[in-house]
Amino acid sequence: MPIVNRKKQPATHLIENLNFHEPLINILPNGLPVYVINAGSQDVVKIDFVFRAGSWFEEKPLAARYSHKMLREGAGSRTSAEIAETIDYFGAYLDTSNDQDFSTVSLFSLTKYFHELLPLTEEIIKNPHFPPKEFEVLNMKQRQKFLIKNQKVKFIARRKFYDLLYSDYHPYGKSPQLSDYDNININDLESFHNEYYGAGNCFIIISGKVTDKMIGMLEKHFGQTDWLRAGRPEEKLIFPIKSREKSCFLEKESAVQSAIRLGKVLFNKTHADFLKLKILSTILGGYFGSRLMSSIREEKGFTYGIGSGMASMQHSGYFFIASEVGSDVVKEAIQEILREIEIIISQPVPEEELNLVKNYILGSFQRSLDGPFALSDSVRSLAEYGLNIDYYKNYIALIKSVTAEELLETAQKHLDPGSFTVLSVGSKNHI
């Protein structure tokens, strides 16, 4: 048996090939697309109903979030307790989530009980009750949660950062205020659901051990024209983004730590430079060995963690850097972050570091394709933008071929520190 020298680092090399399980696309009679990922060895299935029904579309704050959260609180002939009991009885799990652009209902089930649970899911999606008592409980809990979170510098910074980037009149810049919890009512939820929850505004992803019988059931329960409603809603006008102040401080008395955010509005994943900026953001602060982690955490000891990234939404996207640091070192931390940005726009990434990051990104991406449910998440991130699997193939090719000079050119084009918005939230003793 050979002896392994554990003091010697193993050789590294780029991953040569990644196998993509391309989804099949079925179009139901009413035009509803269904992405089918028939993969995996376990007798389980996951189905996602993705609606273009995020906060971007709401006329009244909280309408999108509440109408989605309350889907399980009573539907058809069933109460919320009966829905929960049925789901538990069959060992299933039903999840709801939403963001600025989309709202999603996800069902995880054993394949043998799919036929029992899909009719229930149909009732939940198509015929929710929005009962007054459950609405009052939800609103009370959400209001209390808002009050508690609003004591945390991280929460305050996130809300203010969106406002600084997009302004509070823009759908991406708005955040619910305390008064909104008093103004929302059941009629708002019903109106939002009636307008945006229809086949013309939805796509489905089903993954796992998928059978032809399941597709037939989807056609029966979700493929009929009586569910079209008004179809996909008209997009709101794209709001222009006004220039806001580039530096902002919000005081939070007695805060032990301060939250800092730096960033700028850019574009979403359909832009030609988005993937290169993802690579740059990984180098800067996208993994534990990144430059910002090495500098701000390891060398300076200012924070436990710091990260950077590219956020993509339907109508925009932004680059960001986020951390929480001691209130006495905010100024120094921001200066150090800006210094690292200056370096990345003035010096090519060393070959050894670039190869390391390429390996990290490829390895992370390979993990994101591990299993049918992970695959469904990857497919969803493409379907939301009307992209296909070629996007990921091009991404892999770019990671392997991109040069330090190309990244330097991209950084100089988009990451000028003078164009960044800088926000800090905490006690004023660092000013």
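Just so it is clear, none of the values below were taken in a lab; they were calculated from the coordinates. Here the structure is a predicted model, which means the values were calculated and not measured. So basically every Cβ, Gly included, is an ideal-geometry build from the backbone, and we count neighbours across all protein chains shown.
For segment 24-227, what's the relative contact order in percent, using C-alpha pairs closer than 8 Å and at least 6 residues apart?
On the way: 320 pairs, mean separation 81.0, N = 204.
The normalised contact order for segment 24-227 reaches 40 percent.
Peptides 172-178, 396-402, ordered by how many other C-beta atoms sit within 10 Å of their residues on average, highest first, read 172-178, 396-402. Highest mean packing first, where packing is the average number of other Cβ atoms within 10 Å per residue, the peptides 254-263, 354-363 line up as 254-263, 354-363. Between Lys413 and Asp212, the modelled label-to-label distance comes to 4.9 nm, taking each label 7 Å out from Cα in the direction of the beta carbon.
For the pair segment 382-431 and segment 141-186, the centres of their Cα atoms are 26 angstrom apart. In the chain, the DSSP-assigned H stretches of four residues or longer account for a calculated mean residue ellipticity at 222 nm of -12000 deg cm²/dmol, using -39500 (n - 2.57) per stretch and the full residue count as denominator.
Take each peptide in 91-98, 116-123, 62-69, count the other Cβ atoms within 10 Å of every residue, and average; sorted highest first, the result is 62-69, 116-123, 91-98. Of the residues Tyr197, Tyr385, the one with the fewest other Cβ atoms within 10 Å heads the list, and the complete ranking is Tyr385, Tyr197. Between the residues Gly200, Pro176, Pro132, the greatest Cα displacement towards the positive end of the dipole of segment 24-227, with unit charges on the Cβ of Lys, Arg, Asp and Glu, is found for Pro176.
Going from the residue with the fewest nearby Cβ atoms within 10 Å to the one with the most, Ile27, Ile389 rank Ile27, Ile389.
Using alpha-carbon pairs under 8 Å, 6+ residues apart, how would you state the relative contact order of the chain in percent? Kindly include the intermediate steps, with their values, before the conclusion.
Working: 708 pairs, mean separation 90.1, N = 431.
Once divided by the residue count of the chain, the mean separation gives 21 percent.
Given the options Gly76, His271, Tyr162, identify the residue whose Cα lies farthest towards the positive end of the charge dipole of the chain (+1 on Cβ of Lys, Arg; -1 on Cβ of Asp, Glu). Among Gly76, His271, Tyr162, the one farthest towards the positive end of the dipole of the chain is Tyr162.
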